[in-house]
Structures are given as C-alpha cells and as structure tokens.
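Let me begin by presenting the structure, written as structure tokens, before commenting on it.
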Amino acid sequence: MSKDHELVTALLDRHGRTYAEEAGIRLADRPEPLYQLLVLTTVLSTRIRAGMGIAAARELFAAGYRSAGRMAQAGWQERVDALGRGHYRRYDERTATMLGESAQLCLDRWRGDLRRLHAAADGDLGRLRGLLDEFPGIGATGTDIFLREVQVVWPDVRPYADRRVVAGAQRVRLPDSADRLAALTDDGDFPRLASALVRVSLDAKLADELTR
C-alpha cells in the first residue's frame, strides 16, 4: 500500500463522517432527506463554526421541520427559537427568514422535491450550481457544501472536490484534484474522504496528527 493510500485510510477511519451524517440526516435520493441537506447547507453557509451549524440543523429537524412544507408552515419566531436552541444566535433572525423563503421556493418551483431540480440540470454541473444558487443564503459556498454532500446519492456529481477539499489535500500532501483523489479510494468512499479533508483544512492539528 502506498503512503497516499495509507493516509487516505487513516483519514477515513478518523474523520470520514459526512456532515449530513453528523447532523442526523439519513441521506437518500428522496424529497425529505434532500431538503434536510438544503437546510444544513443554509445554516453552514454563514460564518459560523461547523459544529454550531450542525447543532442548529439538528434542532430544526427535532422541531419537525424536515420537509419544505413543514418549514414553510412554521412561524418565523419558531424557526428563530429552534436556531437559538442550537446556539446559532448571531445570524438567527436572518437565517430564519432565508429558511422560510427557501422552503417556499422549493415548494413553488420544485414541488418540494429537489430530485426535480437534479433532473432539470440534466447532468450539467454548471446548470446544477446555478439552480442551487437561486435558494436564499446558499451562494458559492453553500453550493459547494451541497454538492460535496449530495454526491453520496447523486453519482453523476461524483467526484466533487471544492476548494476546501483541495486545501485539505494540500495540507496533508495528497493529490489536489478530484480525479486523482478519487483514484485513492473506492467510489462510494469518496464523499467521506471529501468531508475528512474539509475537517483537515479547518484544523491544522488534525493534519499534524496525520502526517507526523
């Protein structure tokens, strides 16, 4: 086994949990899990620690806001309160508004089912990015987060490596392209590797532990 393969194995063993898994999302190509990923993406797209965003998403789901319909029906204050229980306070009011608007867009344009958005992109990654960017609060950062996570269940997106994944790969001296990284692991494990490399990009100590 090459040093790169050994390092990838260590990354998967120690840090190979997707952010969707951490938020309690059982990701599948179905309307509710895909919408929950959109919610997680929205809360992670602001300038907060990932752990805080994950906690906020878990509170939103615990409150029952697991579908676009339920999120749209919730009152603005109810969304603010759920975010607050996850200690997501700095951007809570703005994010509560965006979540309501985003849920309504999901219902109006995609009938609550992001599989329709996927189909509309018809395999064009640029088109897919553009459609995702229409959701309030997503932007370039959120689009990267969503695509990085959804490649678990949308194989045509795989292998997807955004700038965070590349930064993590560079930090531990792995290849810094999606195709070369994907060659180091099984296809189904690539999303987990991507998440592990994001964690490494955000925490130099993790990189030191892996490379010393």
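When only residues in segment 157-182 that are small (Gly, Ala, Ser) and farther than 22 Å from GLY123 by Cα count, which is surrounded by the most Cβ atoms within 10 Å (Cβ to Cβ)?
Here the residue is GLY168.
Can you tell me how many residues within segment 184-211 are free of Cβ contacts under 8 Å to residues at least 40 places away in the same chain, part of a helix (DSSP H, G or I) and either under 20 Å from ARG49 (Cα atoms) or aliphatic (A, V, I, L, M) (or both)?
Within segment 184-211, residues that are free of Cβ contacts under 8 Å to residues at least 40 places away in the same chain, part of a helix (DSSP H, G or I) and either under 20 Å from ARG49 (Cα atoms) or aliphatic (A, V, I, L, M) (or both) number 4.
PHE135: open to solvent by less than 20 Å² (accessible area, probe 1.4 Å), over 14 Å from the mean Cα position of the chain (by Cα) and closer than 16 Å to THR41 by Cα, yes or no?
In short, yes.
Every residue, every condition in (1) over 22 Å from THR97 (Cβ atoms); (2) not charged (D, E, K, R), yes or no:
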| site | (1), (2) |
| --- | --- |
| GLU6 | yes, no |
| HIS15 | yes, yes |
| PRO31 | yes, yes |
| TYR35 | no, yes |
| VAL39 | no, yes |
| THR46 | no, yes |
| PHE61 | no, yes |
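Output the number of the condition that VAL153 fails; it satisfies all remaining conditions of (1) in contact with an Asp or Glu (Cβ under 9 Å, 6 or more places away or on another chain); (2) part of a helix (DSSP H, G or I); (3) surrounded by 19 or more Cβ atoms within 10 Å (Cβ to Cβ).
It fails just one condition, (2).
Are there helices (runs of 4 or more DSSP H) fully within segment 1-79 with at least 1 residues that are without any contact (Cβ under 8 Å) to a residue 60 or more places away in the chain and under 26 Å from ALA169 (Cα atoms)? List them.
3-15, 19-22, 31-44, 50-62
Take ALA207 and tell me if it is at pLDDT below 95 and either over 23 Å from LEU38 (Cβ atoms) or open to solvent by less than 10 Å² (accessible area, probe 1.4 Å) (or both).
So ALA207 fits the description; yes.
Those residues that are under 21 Å from SER45 (Cα atoms) and either small (Gly, Ala, Ser) or surrounded by 14 or more Cβ atoms within 10 Å (Cβ to Cβ) (or both), I need them from segment 123-132; list them, please.
Scanning segment 123-132 gives GLY126, LEU128, ARG129, GLY130, LEU131, LEU132.
Specify the residue that is modelled with the highest pLDDT; the eligible residues are those in segment 63-122 that are open to solvent by less than 90 Å² (accessible area, probe 1.4 Å), acidic (Asp, Glu) and under 22 Å from ASP133 (Cα atoms).
ASP113
Name every residue in segment 111-131 that is in contact (Cβ under 8 Å) with a residue 24 or more places away in the chain, part of a helix (DSSP H, G or I) and within 19 Å of ARG30 (Cα to Cα), in order of residue number.
If the condition is that a residue be in contact (Cβ under 8 Å) with a residue 24 or more places away in the chain, part of a helix (DSSP H, G or I) and within 19 Å of ARG30 (Cα to Cα), then LEU114, ARG115, HIS118, LEU128 are the ones that fit.
The values are calculated or read from the model by the stated rules, or taken from the named source; none is laboratory data. Keep in mind that what you see is a predicted model, and the values were worked out from it rather than measured. FYI the Cβ positions are ideal-geometry reconstructions off the backbone, even for glycines, and counts take in every protein chain you see. Please note that ligands, DNA and RNA were not included when accessible areas were found on the heavy atoms of the full protein model with its side chains. Shrake-Rupley method; radii C 1.70, N 1.55, O 1.52, S 1.80 Å.
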